[in-house]
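Visitor: One structure, pasted below without further comment.
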Amino acid sequence: MAAICLPSLPTAADARFARLSEPGIVAIVRHAHAPGTGDPASFTLDDCATQRNLGARGRQQAREIGAAIRTAGATVDRVLTSQWCRCRDTARLLDLGPVEDLPALDSFFRSPARADRQTADLRQFLFRLPPGETVIMVTHYVNIRALTGLGVASGEVVLLKIGRDGTISAVDEILIAPQR
């Protein structure tokens, strides 16, 4: 399954985002475009000035992802995010409802020893979701890769099917490319 890169038009992905209304489907989103890689050596979680943040392209990309989801008619029950500022900002700019931190979505890029435990925590969280709850989760490349095996672009949305049989599978990938 390959992601289809859509032009920056909120209506382009309507049918695919409508799948969020299906029981057992949740969305996991890599934060929108944030120039660079990783975080500076002086990184502090509670100080956005020390982190890699969204640029203008990323802020617009996040707004367009949210607009596409709203245009599809999906009603979102919860928006969950990593505590990193670029994820919180992406989640807030989606404009799909109140944003809650979920530590299982925090990056382990600098602490790969946390990957297995954190991914297990995220899986357990997903399996405990009420069947009809529509959830959007904003996180990082490493988290999505560990959970799904997929490499995703900034702002890419992966629709996941949470199976009652204990499986999590990617059923679609949607990328609304950031404007240049």
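Visitor: Given H placed on each backbone N at 1.01 Å, which residues far from Thr81 in sequence or on other chains put an amide H within less than 5 Å of it?
Guide: Residues meeting the amide H criterion: Glu100, Asp101, Leu102, Val138.
Visitor: Filter the trypsin sites (Lys or Arg not before Pro) in region 58-131 down to the DSSP loop ones having no more than 13 other Cβ atoms within 10 Å, then list what survives.
Guide: Here the sparse-neighbourhood loop sites are Arg110, Arg128.
Visitor: Per the helix-only calculation at 222 nm, which mean residue ellipticity applies to the chain, given -39500 (n - 2.57) for every DSSP H run of n ≥ 4 and division by its residues, nearest 500 deg cm²/dmol?
Guide: After summing the helix terms and dividing by residue count, I get -8500 deg cm²/dmol.
Visitor: Using r as the Cβ-Cβ distance of Thr37 and Asp77, and R0 as 35 Å, what FRET efficiency do you calculate, to the nearest 0.05?
Guide: 0.60
Visitor: Could you tell me what a quarter of the Cα convex hull surface of the chain works out to, in nm² with one decimal place?
Guide: Values: hull surface 37.7 nm².
Convex hull of Cα atoms, orientation-averaged projection: 9.4 nm².
Visitor: Shifting gears a bit: When the Kirkwood radius is taken over all Cα pairs of region 15-65, what Stokes-Einstein diffusion coefficient follows at 4 °C and 1.567 mPa s, in µm²/s?
Guide: D, rounded to a whole number, is 98 µm²/s.
Visitor: How big is the accessible area of Phe109 in square angstrom, nearest 10, if you roll a 1.4 angstrom probe over the protein chains?
Guide: Its accessible surface works out to 120 Å², give or take rounding.
Visitor: So between Ser169 and Thr50, what do we pick up on full extension, going 0.36 nm a residue minus the alpha carbon distance?
Guide: Using 0.36 nm per residue and subtracting the Cα-Cα distance, I get 39.4 nm.
Visitor: Could you tally the net charge around Arg88, taking each other residue with its Cβ under 12 Å from the Cβ of Arg88, Lys/Arg +1 and Asp/Glu -1?
Guide: With Lys, Arg at +1 and Asp, Glu at -1, the neighbours total -3.
Visitor: Next question. Rank Cys48, Cys85 by accessible area, highest first, at a 1.4 Å probe radius?
Guide: My answer, sorted largest first, is Cys48, Cys85.
Visitor: Further question on the same structure: Accessible area per residue of region 28-107 at 1.4 Å probe, in Å²? Could the numbers behind the result be given before it?
Guide: Numbers: 3280 Å² over 80 residues.
Per residue, region 28-107 has an accessible area of 41 Å².
Visitor: Quick one: with all protein chains in place, what share of the accessible area of the chain is carbon or sulfur, to the nearest percent (1.4 Å probe)? Intermediate values should be presented prior to the final figure.
Guide: Values: 4300 of 8140 Å².
Roughly 53 percent of what the probe reaches on the chain is carbon or sulfur.
Visitor: Ok, one more. At what distance in angstrom do the alpha carbon centres of region 117-159 and region 69-109 lie from each other?
Guide: A separation of 11 Å, based on Cα centres.
Visitor: Using 0.36 nm per residue, how much length does the chain from Ala18 to Phe109 gain when fully extended, once their Cα-Cα distance is taken away? Could the numbers behind the result be given before it?
Guide: Numbers: separation 91, 0.36 × 91 = 32.76 nm, distance 3.17 nm.
Net length gain for the segment: 29.6 nm.
The values are calculated or read from the model by the stated rules, or taken from the named source; none is laboratory data. Because the structure is a prediction, the values reported are computed rather than measured. Note that we place each Cβ from the backbone using ideal geometry, even for glycine, and neighbour counts take in every protein chain shown. Protein only, heavy atoms only, side chains kept; ligands, DNA and RNA dropped before computing areas. Shrake-Rupley method; radii C 1.70, N 1.55, O 1.52, S 1.80 Å.
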